[in-house]
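Down below is the structure, laid out as structure tokens.
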Amino acid sequence: MLSDVTTPQDLDDRFRESLAALAAPQHRADPAQPVADGAALTGAQLLDLFDAQVTSRQLDLAGRWLRSFGEGYYTIGSAGHEGNAAVAAALRPNDPALLHYRSGAFYCVRAAQAADSATATGGDAAGQDATAGQGAAAGVATSAGRVTDPAGGAEAATDPVGDEGLTGRERAGEAGDRPGGDHPDEGDTAGGADPGQRGVVGSTEGPATTAPDGEAAADPNRADEPAGTVPSADPDHTTMTGPTASAPTVTAPTGAGLTGAGEDGVDTAVSMASVRRPVARAYTEAARDVLRGMVASSREPIAGGRHKVFGRADLAVLPTTSTIASHLPRAVGMALAVERLRRLDSRRGAARPGDPVTPAPWASDAIVVCSFGDASINHASATAAFNTAGWYDHTGLRIPVLFVCEDNGLGISVRSPQGWVATALRSKPGIRYFAADGVDVVGAYEVAAEAAAWVRRHRRPAVLHLTTVRLMGHAGADAESAYRTPGEIAADVAADPVVATARRLVEAGLASGAELLGRYDEIGWQVRRIAEQVLDEPKLTSPAEVIAPLAPRRPLRVARAVADAGIRAAGPRAGARAEVFGGKPPELAGPITLAQSINAALTDGLLDHPQMAVFGEDVAAKGGVYGVTKGLRDRFGAARVFDTLLDETSILGLGLGAGLAGMLPVPEIQY
């Protein structure tokens, strides 16, 4: 029946049938070696990515189960999009990410990267350089080494995407069509990084979570179970029933080639151990985050039960909303700010005499990643973001953003016309185009690594067009039979990316289908147990609780800030103020107009906050249509007071993104 192929039960059954059909490998490969000749990923790292994909898939199944008895409030899943694990693997854990709602596997990999990075730096990564584990599946601890950071060392020093055109992994004929290739400084490297250093980055954490008055806030929500374990579920809860309800016993299949040395002399026990190792705690904690969002738990780490989003400050994953494409303009603004803060940080010392130097919140060569679906490229917010990124690139400003379009061919029920997405993305001026098959995680990783390295090296925008499939419909209530044929649905199921990864592992001699199915059940059991646990967690119960952090009243904090600014203006900053105001500060100038008062306030702000910038239409050379910003560019320079293109969506996006990145943006909306 057509409806069968859209159900969680059917998808689980088909997955099991597919893995059961995979024969035991004829030989056992060393998981420390590349998964194939010339591949960047080792076998062990591909196994880690498989775990991330399976965790994401089991989260989707758990979401449907929770919804079946009224405890789950979100069923838009990531099934079919698990190839975005490869994109996360190609990035660094401190590259800020704004993710769309099918990013379960990406989020799991990012959590593992961050955990691995924190371990490598002794648990206190802020402000430190880390020279290991900064790229790729490197974020996941394995016994078989790390994936080379695609943006560090020799890879960064030798542009992986030549100036004369793109690599063979991109579409033929692209080389001569790319705009912006005549930039005189195309070969500049970010921050003058030493090409001999591999994977050196700055802070390995995103912005710290703070309490209302700026104190570091402890996170009470992180579980303290040992790695690979799940605490006992509440016995009062009914044990989940369904495809993977019971805790399976993971047993190795019997048969030839499963004991002793394989045909190539590789001890099969080593390979089997890589399959049967404990599930990374980072994956179970990422699953806990997602499940908390599904059940509206107030312990969810970023929205606190207000909405189901992917976000966590220590993972540098910034929350987005369900408003289609609204995060793309923010991503552009954040990339602009990351680059400006990098340049500001490299030029200046302490902001004021005696003040400590505060490093930029991101690594000096960080890039921003922003993912979205194929239908989103038609939205006005998306076109504004692409246009702004290209516009700034055309003017020579650096915007290190990697757009990732995950193309499953559908906008809920409306098909994207054949070839439209590729044509539209290729035609964006100033934005480099890359393309990869999201079903093939090994190939997708290699292309994503090339794209990330190109953006990191050149500090310019690019888009990765990742083709995917969509499984189990748009959401739980979606009846695909109304708009898709049985053949179309069956084709997507046949292209299941998790099955494809499993097949690749078996073909490479890294695992058998039975072993991978045992892994699937083990992860599924842990996800279900966590799902039962989060049901008991508190939820927001009143409108006051919902809005409490959104508009806090802190009059004492405001008064203290005003008093401190007054002390600085009359003390250490008195000379600078006198100079910038021509010897006559505004408070001594007598009656002034509202426009003059705003101008004076902006002047004091720019003087007191080096990270502040004023931007908008006609604010720079003209000084604003009403003179509100008159003279500010002359006093503080074009890097801090600058004109934007004529587009309010982009101006607001620049402001929101710049604020997230650590700047103090003051955007002006004309009239």
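The values are calculated or read from the model by the stated rules, or taken from the named source; none is laboratory data. All figures in this text were calculated on a predicted structure; none of them were measured in a lab. Cβ placement follows ideal geometry from the backbone for every residue including glycine, while neighbour counts extend to all protein chains displayed.
Laid out as a table, the results:
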quantity: Whichever residue in the stretch 641-665 is under 17 Å from residue 601 (Cα atoms) and crowded, with 21+ Cβ neighbours inside 10 Å and, among such residues, is nearest to the chain's Cα centre (by Cα); calculated: 665
quantity: Selected residue (criterion: nearest to residue 106 (Cα to Cα)) from residues of the stretch 61-95 that are at pLDDT below 95 and among the charged types (D, E, K, R); calculated: 64
quantity: Residues that are among the charged types (D, E, K, R), part of a helix (DSSP H, G or I) and modelled with pLDDT of 90 or more, drawn from the stretch 309-361; calculated: 314, 330, 339
quantity: Selected residue (only one of 18, 68 is without any contact (Cβ under 8 Å) to a residue 12 or more places away in the chain, among the polar types (S, T, N, Q) and either farther than 28 Å from residue 113 by Cα or not assigned by TED's automatic domain parsing to the domain that holds residue 325 (or both)); calculated: 68
quantity: Selection count, the stretch 327-344, where residues are surrounded by fewer than 24 Cβ atoms within 10 Å (Cβ to Cβ) and in contact with a Ser or Thr (Cβ under 8 Å, 6 or more places away or on another chain); calculated: 1
quantity: Within the stretch 259-304, tally of residues that are modelled with pLDDT under 65 and either of a type in the set (A, V, I, L, M) or more than 30 Å from residue 25 (Cα to Cα) (or both); calculated: 6
quantity: Residue satisfying condition, being among the aliphatic types (A, V, I, L, M) and either assigned to a helix (DSSP H, G or I) or outside the structural domain of residue 451 (by TED's automatic domain parsing) (or both), within set 29, 86; calculated: 86
quantity: Members of the stretch 41-82 that are touching a Pro at 6+ places or on another chain (Cβ under 6 Å), closer than 20 Å to residue 8 by Cβ and not charged (D, E, K, R); calculated: 61
quantity: Residue 430 in the same structural domain as residue 8 (by TED's automatic domain parsing) and assigned to a loop (DSSP other than H, G, I, E, B); calculated: yes
quantity: Any chance residue 402 is surrounded by fewer than 20 Cβ atoms within 10 Å (Cβ to Cβ) and in contact (Cβ under 8 Å) with a residue 40 or more places away in the chain; calculated: no
